[in-house]
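Data block below; observations after.
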Amino acid sequence: MKMMAKEELSLKERMARMKVVEGSYAVANAVKCCSPDVICAYPITPQTHIVEHLSQFVADGELDSEFLTVDSEFSAMSSLVGASAAGARCYSSTSSQGLALMWEVLYNASGMRLPIVMTVANRALSAPLNIWNDQQDSVGARDSGWIQLYAEDVQEAADAIPQAYKIAEDPEILTPVMVCMDGFILTHVYEPVELLSVEEVERFLPPYRPKHILDPENPKTFGAFADPSYFTELRYMQWEAHRRALKKIETVAREFAEQFGRWYGGLIDTYQADDAEVVIVTMGSVIGTIKDCIDEMRSEGLKVGLVKIRSYRPFPTEALRKALKDAEVVAVIEKDVTVGNEGALLTDLKAALYNTPTRIPVIGFPAGLGGRDITVRDIRRVVDKTIAARDTGIESEMEFLGLREDLL
Amino acid sequence: MKITVAALTEPGSTVVNKTGGWRTFVPVVNHKRCIKCSLCEIYCPEGCIHQIDGLFVPDLEYCKGCGVCAHECPRKAIEMVLEEK
Amino acid sequence: MDKFLAPGHRACAGCSMPTVINLILDAAGPNTVVATPTGCIEVTTTPYPESAWRVPWIHSLFENAAAVASGIEAAFKHFGKKHNVFVIAGDGSTLDIGMGCISGMFDRGHNVKYVCYDNEAYMNTGVQRSSSTPPCTSTTTTPSGRVSFGNPRPKKDMPAIAVAHKVPYVATASVAYPVDLRRKVKRAISIPGPAYIQVNAPCITGWSFEAGTTVEIARLAVETCLWPLYEYVNGELAGVKKIHVKRPVEDYLKAQGRYRHLFRMKGGEEMIRVLQQMADENARKFGLLYEGDLTCTSGE
Amino acid sequence: MKEIRFHGRGGQGAVTAAEMIAIAAFEDGRFSQAFPAFGVERRGAPVLAFARINDKPIRMRSQVYEPDYVIVQDVTLLDVVNVTGGLKPDGKIIINTDKDASAIKLNTEAEVVTIDATRIAIETLGRPIVNTTMLGAFCGATKEIKLESLEKSILTRFSGSLGEKNIHAIRTAYERVVK
C-alpha cells in the first residue's frame, strides 16, 4: 500500500516541522497529546525516560493526569485495570522483567476488554541479567490478548500512541494495545521527529466514552467468573475482536496518514519487495539498517526486499501471504528465540504460508539478543545464507546470527 | 441469553438462583414470641429474612436452612424443623 | 428492604461472609464501588452471567484488589466523582499474596477503605494455612498429626502493619458485633485517606462448627480475648470493646473442629495454655477488661 | 554520511555532546542521529557515544564501526581504549590534552588534533567539564557543523549565564583549533 496522504509533504517542509529530541521524549509527548486520565508506571531501564518526561509534564501542569507512582509493574497494570473500568483513558510503559511481572494482569486487562495503551521498551529477559535490547519480552506476551504494534523508528513509536488509542477504544475492538519500541536503540536515540500537538491529536482521536463503567447509578459487575459453559465464547469474542482489529489497524493507519502525512504501513509494510526474489521479514528498529543494506545490494543487482511486520498480534496472515506470493525465499530476522523450538515469528510465518500453494523456503535468524548489535555485515550474511537455501536447499532452518562460536 | 462483552453482569441477578433447594431444616417463626429485635434479619447470610406487615418472615425461595437466625434469636422464637419435601 | 448483596449467591449455608458484606454496604450506602480479589466472595457471588452485587463491583486477580481500587480511586479523583471505594477481601489475598499492592495503596494514601474478612485460612481452595491462621490450628497444609499440633506460627499482625504505614484509621471488628462493625465502617469513611478494618468471619467449612453457631463462634472469639476489638486513629489506640465476662479459650476452641486435636493429643493442654496466654496478653495490651471483672474458669 | 564516535568517562557528558552535535547538524539543515553505547557504566568508567550526520534521513541503527571523526574527552583513555579503531584514514581524531599533536603517538593515518579543553573549561566554566569545549574544537577542526548552530544547540540545554559561559568555552576552543 502506498502513502495515503492527501498531499505528500516535501522533505524540506517536513524538516521545518521537526525537532531533534530523544525517542522517549517523543513518545511521552505523544502520550501527553492523548490526554490520558490515569498513568501508572514503575521505573525500569530502558523505559524510565518515558515516565520521567510524563512526570515532568504533570509537574509542570502541561498534562492533567493522575500519575500513580506504584510499588511494582504488577501494581501499575492492576491499577490501570481499576482506572480503566472506572472510565479513565489509561497509559503505562514498561520493559522486560516489568512486563513479565505484569503477565497475569495482561491477560486480565484484555479479557476484561479494557482499552489500555502501553509502550514496551523492548529489552531482554533475565537470566543472565541483561538490560539491553531484544524483543523476547513482548514476544513472550504475544498470547496475552493484547494487540502488539512494533515501531521502526522514533516517529513511528510516537505516532503509534494515538493510533493505539483509536484502535483500542473502538467499541468493536475494546482490546488493549502494546506499542513496542526497541529499548535504548529507539528510547535513547536523538533524532529529528515531528512532535504531535494536542490540537492535532484531538482532531484525530475521539474522546473516550466507554459504554460501561463502574458507576453507582448503573451498578454493573466487572470480572465475574465464568465456568466451562461460557468461557469459550468469551475467549472467542476476544479472538473475533482481534480479527476485526486486522481491518481497524489498517483503517486507523490510513486516517493517520491522511491527517499527518506519515505512513508506516498498516498491518505490514514493504520495501523493494515487489520484484524481490529474496525477502527479509522482520519487525522493529533493525528495519532501518536492513533498508540501507537493501539499497546497497540492489545497486549490486541483488533482488532483495523487505516485509516489515507492524502488527504482530493480530498476526497479518493474509497480508503476508499476499506480500510474499512472488518471493522465492524468505529470511526471518527476529530478536527473540523460543528455547526448545525456534524464533516465534519464524514459526508464525511458516504456519501462515503452510496451507498455500506458495510454500516457499523460510529460514530464521534470531539476532540482536541481549543487545548484540546487528550490522550491515550481519544482514549480508542473512541474504547469502538465504540465497544458498534457495539454490542448494535448506541446510539449517535456523541460525543464531553472529553467534560467537569461539566462546563455545 | 447472549453473552456480554467482558462478561459484564447485571446487579442482583443471582435472584434467579433459588437456593431454597439447599435446605434440610426450615426456620419456623413463632411471631408471638418475636420482640422485633431484627437480629435474624441482620445475621441472615442470604439476606432473605424480610419484615412483612410487621412480621419477620424468611423467604423460603432462598433460605438455605443454616439456622443462624434460630440460634441468634434472643427469645428462641425461631425453630429449625426437618422440612418435609 | 433489599440488601446490597442479593440472595441466590452460592456461599455455604451459615457462611459469615455475606453478612459481613451486607453490614459494610449497609453502613457505606449505595454510593459505593467495591473491588474484590479472587476468593470465596468472587466465586460465590458472581458466577457468570449472574451477580449478587447491587453496587458496582470489580474482580481482577487474587493479589491486586488494592491496586485495582487505587486505580478506581485515582480515576474518580480525576473526574471529580465522589464515591466510596472499598476493597472487601479475604485474609489470604490480604496478608499474603496481596501484601505488596496493599502496602503500595496505603503508602500512596489512596482514599480506599480496605476490609479484610478474616476466616484465618485459604477457604476457597480447601482450608490451607494463610499467615492469618492462628497457632495450633489444623488446616490442610498444617494438619495436626502425631508430631504436630497444627500451624506452628503466630498470626501475622496485619492491623499493626497498617498502623506502621500511617494509615489514619485501623480497626478490628467482628460479625458478632454488627452495630460496632457498621459504626467502624462509617468512621473509616469519615476519615480521609486509606483505612483498614479486619473482621473476624467464621467459616463453617474450614473451622468446622455446629450449624447455626456462626455468630456464636465469632462472639466467643471476642469474649475470650482471642479477637480483641479495637480502633487506631492516626496511630493512637482510640477505643476498645470492653469484655464484661472473659471466657476461657477452651470455650472457643472446643466448639471448632480445627482445634479438636488439642483436646485429644498428649500435650494439647500445654498448647491450650499457650493460647490462653495469648488471650490474656491481648486483654492486658488493649485493656479489654473492666476493673474487677470476672474471668470464668470453665464453661458458663 | 558522516559518523562520529565519542570517547569519554561516565559523568563527562559524552552522550550530551553527541546530542548537541545532532541538534546542531539538524539546525544546519541536515539529518542527524545521536545515541549512547548503552550500558550500566557509572561515573568515571569509559563510555561511548555516537552521532551520524547525513543529507537525507538516517535509517542505519547499528553502532559506528568506521567513524569519520573521533572525539576523545580524556587523554587517559588512550591507554585503555582503542580510540582509533576503524577510524577512516582521511578522518580526524580530536583529543583533549595539553600536549601538541606531534607528541601523541597513535596507530592511525587520520589527522590528530589536540586541544587543552580541560584548561579552557576551567578558565571559562570554572569546572573541568569538557564536553562542550570539545564540541567547539570539533567544529573548528572539521567544519562539519556551523559554529552558530552549535551555539544554538548548546543554548537548548544550558540557559542563562551557564549558557553564555559554555558558548565562551566553545568559541575559545574553536578559535584555537582554527588557528
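The values are calculated or read from the model by the stated rules, or taken from the named source; none is laboratory data. Small disclaimer: the values here were computed from a predicted structure and weren't measured. Cβ: placed from backbone, ideal geometry, glycine included. Neighbour counts: every protein chain shown. With ligands, DNA and RNA removed, areas are computed over all heavy atoms of the protein, side chains included. Shrake-Rupley method; radii C 1.70, N 1.55, O 1.52, S 1.80 Å.
Laid out as a table, the results:
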{"quantity": "Unique residue being crowded, with 24+ Cβ neighbours inside 10 Å, at the interface with chain A (Cβ under 8 Å from one of its Cβ atoms) and among the hydrophobic types (A, V, I, L, M, F, W, C) when the list is C:I21, C:I58", "calculated": "C:I58"}
{"quantity": "Number of the condition not met by A:S396 [criteria: (1) within 28 Å of A:G140 (Cβ to Cβ); (2) open to solvent by less than 60 Å² (accessible area, probe 1.4 Å); (3) at pLDDT 95 or above]", "calculated": "(3)"}
{"quantity": "Single residue of segment C:249-281 satisfying the filter (out of contact with any helix residue (DSSP H, G or I) (no Cβ under 7 Å at 6 or more places or on another chain) and assigned to a loop (DSSP other than H, G, I, E, B)) that is surrounded by the fewest Cβ atoms within 10 Å (Cβ to Cβ)", "calculated": "C:K266"}
{"quantity": "Candidates C:V245, C:V185, C:V199 - the one that is open to solvent by less than 30 Å² (accessible area, probe 1.4 Å), in contact with a helix residue (DSSP H, G or I) (Cβ under 8 Å, 6 or more places away or on another chain), more than 23 Å from C:N151 (Cα to Cα) and not in a loop (DSSP other than H, G, I, E, B)", "calculated": "C:V185"}
{"quantity": "From the options C:N124, C:N84, C:N64, C:N119, residue that is closer than 27 Å to A:P210 by Cα and either open to solvent by 30 Å² or more (accessible area, probe 1.4 Å) or touching a residue at least 40 places away in the same chain (Cβ under 8 Å) (or both)", "calculated": "C:N84"}
{"quantity": "Count of segment A:13-45 residues which are surrounded by fewer than 19 Cβ atoms within 10 Å (Cβ to Cβ) and over 22 Å from the mean Cα position of the chain (by Cα)", "calculated": "7"}
{"quantity": "Residues of segment A:207-228 that turn out to be in contact (Cβ under 8 Å) with a residue 12 or more places away in the chain and either more than 16 Å from A:A88 (Cβ to Cβ) or part of a helix (DSSP H, G or I) (or both), as a count", "calculated": "1"}
{"quantity": "Residue within segment A:362-372 that is closer than 30 Å to A:R243 by Cβ, surrounded by fewer than 22 Cβ atoms within 10 Å (Cβ to Cβ) and either modelled with pLDDT of 95 or more or not assigned by TED's automatic domain parsing to the domain that holds A:N133 (or both) present", "calculated": "no"}
{"quantity": "Criterion: part of a helix (DSSP H, G or I) and either within 14 Å of chain C (Cβ to nearest Cβ) or within 30 Å of D:L48 (Cβ to Cβ) (or both) - qualifying residue of A:F231, A:F184", "calculated": "A:F231"}
{"quantity": "Residues within segment A:318-358 that are farther than 22 Å from A:R243 by Cα and in contact with a helix residue (DSSP H, G or I) (Cβ under 8 Å, 6 or more places away or on another chain), tallied", "calculated": "13"}
{"quantity": "Residues of segment A:114-163 that turn out to be of a type in the set (K, R) and over 11 Å from the mean Cα position of the chain (by Cα), as a count", "calculated": "1"}
{"quantity": "Residues of segment A:287-301 that turn out to be open to solvent by 30 Å² or more (accessible area, probe 1.4 Å), at the interface with another protein chain (Cβ under 10 Å from one of its Cβ atoms) and either of a type in the set (A, V, I, L, M, F, W, C) or not in a helix (DSSP H, G or I) (or both), as a count", "calculated": "0"}
{"quantity": "Residues located in segment A:46-63, provided they are outside any helix (DSSP H, G or I) and either surrounded by 15 or more Cβ atoms within 10 Å (Cβ to Cβ) or under 19 Å from the mean Cα position of the chain (by Cα) (or both)", "calculated": "A:P46, A:Q47, A:L63"}
{"quantity": "Residue satisfying condition, being touching a helix residue (DSSP H, G or I) at 6+ places or on another chain (Cβ under 8 Å), under 30 Å from D:E27 (Cα atoms) and among the aliphatic types (A, V, I, L, M), within set A:V198, A:V252", "calculated": "A:V198"}
{"quantity": "Residues of segment B:19-37 satisfying the condition of being under 16 Å from B:H50 (Cα atoms), within 12 Å of chain C (Cβ to nearest Cβ) and basic (K, R)", "calculated": "none"}
{"quantity": "Residues (over 19 Å from the mean Cα position of the chain (by Cα) and either more than 7 Å from chain A (Cβ to nearest Cβ) or acidic (D, E) (or both)) located in segment C:61-78", "calculated": "C:E73"}
{"quantity": "Some residue of segment A:162-177 being at the interface with another protein chain (Cβ under 8 Å from one of its Cβ atoms), open to solvent by less than 20 Å² (accessible area, probe 1.4 Å) and on the phi > 0 side of the Ramachandran plot", "calculated": "no"}
{"quantity": "Odd one out for D:P89 among (1) open to solvent by less than 40 Å² (accessible area, probe 1.4 Å); (2) modelled with pLDDT of 95 or more", "calculated": "(1)"}
{"quantity": "Unmet criterion (only one of (1) at the interface with chain C (Cβ under 7 Å from one of its Cβ atoms); (2) over 16 Å from the mean Cα position of the chain (by Cα)) for B:K85", "calculated": "(1)"}
{"quantity": "Among (1) more than 8 Å from every other protein chain (Cβ to nearest Cβ); (2) out of contact with any Phe, Trp or Tyr (no Cβ under 8 Å at 6 or more places or on another chain); (3) not acidic (D, E), the one test that C:T94 misses", "calculated": "(2)"}
